[in-house]
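Everything below concerns the one structure shown next.
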Amino acid sequence: YVTRVFYRAQNFIDYKTLKLELNKYSVSPGDVFFLRLGSDETNYLQYNVDLSKLVKKPDDPDPSDWHTVSIALDSAPSRISGNLYKNNIKQISMGVITAGSTTGEIWVDNLRVTDTASQTGLARRLRGGVKFGNLLAVNGTLRHVDSRFSPLDDQSTNPDYSAGQAYQVQRQTKKEPS
């Protein structure tokens with residue numbers, strides 16, 4: 001099998017499907033393609049695809065043997081090893097579990113995650129200010145971000161409340177005539 005280790009952990013929680021293109025050049029009946037999403041060699045989710053079920057449609061004009069394989073990430077994996085969280089994917093492994101011959105050849109291309117899961121979150125911000133002539137200025141802010149709201153540049157899921165205010169007393173002096 002082959003393994004791709006990521007420099008930073010990947011988050012697959014928000015995706016429903018993993019897709020790839022697979023070409024089974026030389027396989028034996030009963031061979032099974034596997035794909036493992038893991039944090040290391042012992043903690044992973046394994047999804048299996050029976051290669052004998054990948055059959056070309058008779059009306060397919062493409063002479064190659066490429067198949068689009070879809071793996072539902074929200075379905076039960078074929079095997080679970082150790083503890084793994086889908087927001088901590090540090091490596092992807094794939095290979096073939098052989099039923100017959102110990103040699104074979106498959107090609108894999110265009111591995112991707114698709115079908116984002118929709119999430120609803122709420123964020124609110126209020127700013128205001130009042131100025132009383134040159135005597136007093138009052139400014140205030142209120143911000144609330146709930147745990148389901150995730151901005152594009154932040155992966156935090158902690159609720160956030162903040163408030164602030166500022167008072168500025170301005171002294172007015174009377175100019176003496178000269």
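For the reader, a short list of remarks on this structure follows.
- Hits in the stretch 82-101 (condition: part of a strand (DSSP E or B) and either under 17 Å from V5 (Cβ atoms) or without any contact (Cβ under 8 Å) to a residue 24 or more places away in the chain (or both)): I89, K90, Q91, I92, S93, M94, G95
- Options D109, D74, D115: the member that is surrounded by 12 or more Cβ atoms within 10 Å (Cβ to Cβ) and of a type in the set (D, E): D115
- In the stretch 12-39, residue farthest from V108 (Cα to Cα) [restricted to those that are open to solvent by 60 Å² or more (accessible area, probe 1.4 Å) and part of a loop (DSSP other than H, G, I, E, B)]: I13
- Some residue of the stretch 146-156 being modelled with pLDDT of 75 or more and surrounded by fewer than 11 Cβ atoms within 10 Å (Cβ to Cβ): no
- Taking the stretch 64-79 as the range and being without any contact (Cβ under 8 Å) to a residue 60 or more places away in the chain, in contact with a Ser or Thr (Cβ under 9 Å, 6 or more places away or on another chain) and of a type outside the set (S, T, N, Q) as the test, the residues that pass are I71, A72, D74.
- Close pairs (8 angstrom Cβ cut-off, 6 or more residues apart or separate chains): β-branched (V, I, T) in the stretch 20-38, assigned to a strand (DSSP E or B) anywhere: V27/V96; V27/E105; V27/I106; V32/N48; V32/V49; V32/D50; V32/V96; V32/I97
- Residue count for the stretch 40-52, restricted to those that are touching a Gly at 6+ places or on another chain (Cβ under 9 Å) and assigned to a strand (DSSP E or B): 4.
The values are calculated or read from the model by the stated rules, or taken from the named source; none is laboratory data. Model, not experiment: these values are computed from the prediction. Using ideal geometry, Cβ is built from the backbone for each residue, glycine included, and neighbour counts are taken over all protein chains shown. Just so you know, the surface numbers come from the protein's heavy atoms only, side chains and all, with ligands and any DNA or RNA stripped out. Shrake-Rupley method; radii C 1.70, N 1.55, O 1.52, S 1.80 Å.
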